[in-house]
Amino acid sequence: MGRLDELNLSLSLSKKDYAERLQAAQGRLTALRLALGGNLTGYITEEDWRNREKRPRYEEALEDMLARTEHPQAPWHLVEGDAKRHARVKVIETVNGRSSAGCASAGFRCPSLRRASGPARARP
């Protein structure tokens, strides 16, 4: 029986980008409330804004978690999440690379992965 490797991913947002996304979400929610003429709850709350103030403590906790849980068979891969497309591609590439390495170490032949060429297709 072969060994099982883990893959740990941590996505992070800069303080500035997080604030901008929270503001934008608040603005969309306000516009939606006005358009529907109702009271929408459960989206952006005062707790979200309070949690923003706790960021330094969250960052300390993250550093502690990374230091305590790093292991050769379960490495952490940190992904910058400010640019959504970049973050998605980085996660896919990381998972594919780790899967390929795991297959190779177990003696399996892995298909080669080609990178798509040309411009990204627009969503319908």
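The values are calculated or read from the model by the stated rules, or taken from the named source; none is laboratory data. Just so it is clear, the model here is predicted, and its values are computed rather than measured. Virtual Cβ from ideal backbone geometry, glycine too; neighbours counted across all protein chains shown.
Some observations on this one:
- Close pairs from region 90-111: first over 13 Å from Pro75 (Cβ atoms) and at pLDDT below 80, partner in a helix (DSSP H, G or I) and of a type in the set (A, V, I, L, M), Cβ under 9 Å, at least 6 apart: Cys110/Ala101; Cys110/Ala104
- Restricting the first member to region 51-72 and to residues that are free of Cβ contacts under 8 Å to residues at least 24 places away in the same chain and over 30 Å from Ala101 (Cα atoms), and the second to residues that are assigned to a helix (DSSP H, G or I) and polar (S, T, N, Q), the beta-carbon pairs closer than 9 Å and six or more apart or on different chains are Tyr58/Asn51.
- If only residues of region 1-44 that are assigned to a loop (DSSP other than H, G, I, E, B), of a type in the set (Ser, Thr, Tyr) and more than 19 Å from the chain's Cα centre (by Cα) are counted, the one that is modelled with the lowest pLDDT is Thr41.
- Checking each residue in region 73-83 for being exposed (fewer than 12 other Cβ atoms within 10 Å of the Cβ) and either without any contact (Cβ under 8 Å) to a residue 12 or more places away in the chain or in contact with a strand residue (DSSP E or B) (Cβ under 6 Å, 6 or more places away or on another chain) (or both) picks out only Ala83.
- Considering the conditions (1) within 18 Å of the chain's Cα centre (by Cα); (2) under 14 Å from Ser10 (Cα atoms), Arg55 is excluded by exactly one of them, (2).
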